[in-house]
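Asks: Take a look at the following structure, please.
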Amino acid sequence: MPTLNFKGKSFVQNHHLAVPFHQLVPQKEKSLTDKLSLHDNLIIQGDNLKALKALLPTYSGKIKCIYIDPPYNTGNEGWAYNDNVNSPMIKDWLGKVVDKDDLTRHDKWLCMMMPRLKLLRELLSEDGVIFISIDDTEQHRIRVLLDEIFGEKNFISNIIWEKADSPKMDADYFSTSHDNTLMYAKNEEFYSINRLILDEKDLKHYTKIDEKGRKFYLKPLRAMGGQGETRESRPALYYSLLAPDNTEVFPKLKDGGDGAWRWSSKKVEKEKDRIEWIQGKSGWTPYFRIYAENSKGRPPMTIWYNRDVGSNRTSKNEVNEIFNDTNAFNTPKPLKLLKRIIKISTSKNDIILDSFAGSGTTAHAVLDLNKEDGGNRKFILVEMEDYADSITAERVRRVIKGVSGSKKFKEGTGGTFSYFELGPAIEMESILQGESLPAYGEIAKYLFYTATGEEFDPLRINEETNYIGASRDYEIYLFYKPDLNYLKSTALTLEKAKALGRHNGKKRLVFAPAKFVDNHTLTELRIEFCQLPFEIYKLKG
Ligand SMILES: C[S@@+](CC[C@H](N)C(=O)[O-])C[C@H]1O[C@@H](n2cnc3c(N)ncnc32)[C@H](O)[C@@H]1O
């Protein structure tokens, strides 16, 4: 498969692995709940590279739908490359605004996107999907990168959203009226799409009403068009049916040749109540009824018009209605666009993540849908700018409580959210030097996930017995306190090893600053020892 080459690629390819885990620090006064929790709806302020990594221990493989709307890299957005990648060339890019004259602007953008996309993929569930809004500046480049990261076979669609509702009269050549929404599955074998409920326009098709008041339309029983319409191609479907006047009717093509029915004679017998005969100039023709109530809905089409999902003007008006300020946020997406994305890709208990949250439209859409259908979907938003509180979270607060003075959003959706900020990195190397020693739970979460790759459950922790939980293969213990003296003086001794109790068939993995037990004894006790802080990667291989 062809791949895309760009400056810096070799340095960022595995950068997501080197990004340190950061603490997520709860912010009570910015949250809309008394019970702050990482399992609540979440708004996280911070760079999404660090935030996504920090979410891995809790949410790896758990997100059903990711929507991102990153900077399009038009040269006018004022974004700067800011990742701490270990390369002099890339270090030289740091903090410099990427504008139109920057000859490496596409390289920088791809270097920014690649590690984030890799982390996003890790967060997706096996049946999950990601949607990426993008315009023609980078659409063709990110498409090739996405093929590389997600696999070509997992490309599902490029949905065209009609974003403009009138031409820009000052455009030099074309007035661009659409954005792309690229859609990839984590694994196309497992993903599925919800059909859209039939709307008024679809229902106009069902022009007839049966004796029980059910809406239906008629479709000819004779196969039409395609390779399956001839007797030659489908010999078993060439047979006669009896018309109301007892004449025999065979499926005939327009040119008089032998055709084929759509159904077998068995199915015609079984569904005979749905068959209707209509007499025309050339004799009787059988039709069958298609009922609206049996419809599984309409599959979404790949062009989404602004009359159905809103335009850029709609979204600006929405933000204005919520903040009573036309300049509150410049590049929001319309609520209906996000609602449709979430509707077609999630069920009522799924988790939706947006790591370029902006004005928080994704959270608004999740809350609105839950209110509409009684769902319990959850959202996770990440926004790095200071307005994460004053715009992103504030929109969600207002929408939850109801926006006074607004017609559309007057009635609150209800709901809660917990607000977190990124704390210091959990750097194992600094632990024994006593710099920023994290709390027991933080280090436990980090070690558990790094060693097992499985979800960590904080409720399992028992600090007295040093137990932090069990994975598929291990029971895990941690001897740690955020206290330098404790770390310097604590070791796994024979007494402590025996005090872990009998193993329950699983191996025991014990993290401690040192050990005073020989390896032979540890093997007998089914214990694998990991010395803090350096050996935690040992098991991941
Ligand atoms: C185009 S806006 C998203 C708009 C959003 N879809 C809405 O409906 O309001 C992109 C957002 O991503 C944020 N952003 C850019 N780089 C980021 C990063 N590395 N981490 C977190 N947020 C980032 C920007 O600050 C901006 O608010």
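The values are calculated or read from the model by the stated rules, or taken from the named source; none is laboratory data. Fair warning: this is a prediction, and the values are worked out from it, not measured in the lab. All Cβ positions, glycine included, derive from the backbone under ideal geometry; neighbour counts span all protein chains shown.
Asks: Tell me, please, whether a residue that is of a type in the set (D, E), part of a helix (DSSP H, G or I), surrounded by fewer than 16 Cβ atoms within 10 Å (Cβ to Cβ) and outside the structural domain of K50 (by TED's automatic domain parsing) can be found in the stretch 130-142.
Replies: No, the stretch 130-142 has no match at all.
Asks: Right, here's the next one. Can you tell me which residues in the stretch 21-47 are within 16 Å of the ligand (Cβ to nearest atom) and out of contact with any Lys or Arg (no Cβ under 6 Å at 6 or more places or on another chain)?
Replies: Quick first cut of the stretch 21-47, residues within 16 Å of the ligand (Cβ to nearest atom) only: 22, 24, 42-47.
Within the stretch 21-47, L24, L42, I43, I44, Q45, G46, D47 qualify.
Asks: Please count how many residues of the stretch 209-223 are on the phi < 0 side of the Ramachandran plot and without any contact (Cβ under 8 Å) to a residue 24 or more places away in the chain.
Replies: Initially, the stretch 209-223 is screened for residues on the phi < 0 side of the Ramachandran plot, giving 209-212, 214-223.
Applying the additional criterion that residues be without any contact (Cβ under 8 Å) to a residue 24 or more places away in the chain yields 209, 211-212.
Counting residues in the stretch 209-223 that are on the phi < 0 side of the Ramachandran plot and without any contact (Cβ under 8 Å) to a residue 24 or more places away in the chain gives 3.
Asks: Let me ask something else about it. Any chance the stretch 114-126 includes a residue that's within 14 Å of the ligand (Cβ to nearest atom), at pLDDT 95 or above, assigned to a strand (DSSP E or B) and not polar (S, T, N, Q)?
Replies: Among the residues of the stretch 114-126, not one is within 14 Å of the ligand (Cβ to nearest atom), at pLDDT 95 or above, assigned to a strand (DSSP E or B) and not polar (S, T, N, Q), which makes the answer no.
Asks: Turning to a different aspect of this structure: Could you list all residues from the stretch 56-79 that are hydrophobic (A, V, I, L, M, F, W, C) and at pLDDT below 95?
Replies: If the condition is that a residue be hydrophobic (A, V, I, L, M, F, W, C) and at pLDDT below 95, then L56, W79 are the ones that fit.
Asks: Collect the residues in the stretch 212-256 that are among the aromatic types (F, W, Y) and touching a helix residue (DSSP H, G or I) at 6+ places or on another chain (Cβ under 6 Å), keeping them in residue-number order.
Replies: To start, the set of residues in the stretch 212-256 that are among the aromatic types (F, W, Y) comprises 216-217, 238-239, 250.
Across the stretch 212-256, the qualifying residue is only Y239.
Asks: State yes or no: is P57 assigned by TED's automatic domain parsing to the domain that holds S355, surrounded by 15 or more Cβ atoms within 10 Å (Cβ to Cβ), assigned to a loop (DSSP other than H, G, I, E, B) and not β-branched (V, I, T)? Even if it seems obvious, please write down each step before you answer.
Replies: Numbers: assigned by TED's automatic domain parsing to the domain that holds S355: yes; surrounded by 15 or more Cβ atoms within 10 Å (Cβ to Cβ): yes; assigned to a loop (DSSP other than H, G, I, E, B): no; not β-branched (V, I, T): yes.
Here the answer is no, as P57 does not meet what is asked.
Asks: Would you say L36 is at pLDDT below 90 and within 24 Å of the chain's Cα centre (by Cα)? Lay out the reasoning, then the answer.
Replies: Details: at pLDDT below 90: yes; within 24 Å of the chain's Cα centre (by Cα): yes.
When the stated conditions are applied, L36 passes them.
Asks: Please specify each residue of the stretch 144-179 satisfying the condition of being charged (D, E, K, R) and within 21 Å of Y305 (Cα to Cα). Spell out how you get there, then give the answer.
Replies: The initial filter retains those residues of the stretch 144-179 that are charged (D, E, K, R), namely 147-148, 152-153, 162-163, 165, 168, 170, 172, 179.
Answer for the stretch 144-179, where residues must be charged (D, E, K, R) and within 21 Å of Y305 (Cα to Cα): E162, K163, D165, K168, D179.
Asks: Please verify whether the stretch 488-508 includes one or more residues that are crowded, with 17+ Cβ neighbours inside 10 Å, in contact (Cβ under 8 Å) with a residue 40 or more places away in the chain and not in a loop (DSSP other than H, G, I, E, B).
Replies: no
Asks: Among the residues of the stretch 389-407, are any part of a helix (DSSP H, G or I), touching a strand residue (DSSP E or B) at 6+ places or on another chain (Cβ under 9 Å) and not hydrophobic (A, V, I, L, M, F, W, C)? Break it down stepwise before answering.
Replies: Within the stretch 389-407, the subset part of a helix (DSSP H, G or I) is 389-401.
Right, trim to touching a strand residue (DSSP E or B) at 6+ places or on another chain (Cβ under 9 Å) and you get 389, 391-393, 396.
Filter again for not hydrophobic (A, V, I, L, M, F, W, C), leaving 389, 392.
Yes: the stretch 389-407 contains one or more residues that are part of a helix (DSSP H, G or I), touching a strand residue (DSSP E or B) at 6+ places or on another chain (Cβ under 9 Å) and not hydrophobic (A, V, I, L, M, F, W, C).
Asks: Which condition breaks for S233 when tested against (1) within 16 Å of the ligand (Cβ to nearest atom); (2) not in a helix (DSSP H, G or I)?
Replies: All conditions are met except number (1).
Asks: Could you figure out which of (1) more than 12 Å from the ligand (Cβ to nearest atom); (2) part of a loop (DSSP other than H, G, I, E, B) isn't true of N82?
Replies: (1)
Asks: Here are some residues: I380, I443, I400. Which one is outside the structural domain of R340 (by TED's automatic domain parsing) and β-branched (V, I, T)? If you could, list the steps in order and put the result at the bottom.
Replies: Working: I380 fails: outside the structural domain of R340 (by TED's automatic domain parsing); I400 fails: outside the structural domain of R340 (by TED's automatic domain parsing).
Going through I380, I443, I400 in turn, the sole match is I443.
Asks: How many residues does the stretch 334-389 hold that are within 22 Å of A51 (Cα to Cα), surrounded by fewer than 22 Cβ atoms within 10 Å (Cβ to Cβ) and either within 9 Å of the ligand (Cβ to nearest atom) or polar (S, T, N, Q) (or both)?
Replies: 4
Table: residues versus (1) touching a Ser or Thr at 6+ places or on another chain (Cβ under 6 Å); (2) part of a loop (DSSP other than H, G, I, E, B); (3) under 27 Å from A365 (Cβ atoms).
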residue	(1), (2), (3)
F11	yes, no, no
P20	no, yes, no
L24	no, no, yes
K64	yes, no, yes
Y67	yes, no, yes
G78	no, yes, yes
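Asks: State which residue is surrounded by the most Cβ atoms within 10 Å (Cβ to Cβ) when the search covers only the stretch 152-188 and only residues that are β-branched (V, I, T) and within 21 Å of K339 (Cβ to Cβ). Reasoning before the result, please.
Replies: In the first step, residues of the stretch 152-188 are kept if they are β-branched (V, I, T); the result is 156, 159-160, 176, 181.
Remaining after also requiring within 21 Å of K339 (Cβ to Cβ): 156, 159-160, 181.
Details: I156: 18, I159: 23, I160: 16, T181: 21.
Filtering first and then ranking leaves I159.
Asks: Based on this model, can you work out whether T392 counts as within 30 Å of A80 (Cβ to Cβ), within 11 Å of the ligand (Cβ to nearest atom) and not basic (K, R)? Talk me through it step by step, then tell me what you get.
Replies: Numbers: within 30 Å of A80 (Cβ to Cβ): yes; within 11 Å of the ligand (Cβ to nearest atom): yes; not basic (K, R): yes.
Taking the combined requirement at face value, the residue satisfies it.
Asks: Take the residues of the stretch 448-471 that are touching a strand residue (DSSP E or B) at 6+ places or on another chain (Cβ under 7 Å), assigned to a loop (DSSP other than H, G, I, E, B) and modelled with pLDDT under 90: which is farthest from L17 (Cα to Cα)?
Replies: Per the criteria, the residue is D457.
Asks: Would you mind finding the one in N317, N246, N306 that is under 30 Å from E394 (Cα atoms) and outside the structural domain of T361 (by TED's automatic domain parsing)? I'd like the intermediate steps shown before the answer.
Replies: Values: N317 fails: outside the structural domain of T361 (by TED's automatic domain parsing); N246 fails: under 30 Å from E394 (Cα atoms).
When all the criteria are applied, what remains is N306.
Asks: Can you run down the residue pairs with Cβ atoms below 6 Å, 6 or more apart or on separate chains, where the first is in the stretch 31-49 and more than 30 Å from N14 (Cα to Cα) and the partner is part of a helix (DSSP H, G or I)?
Replies: L32/R397
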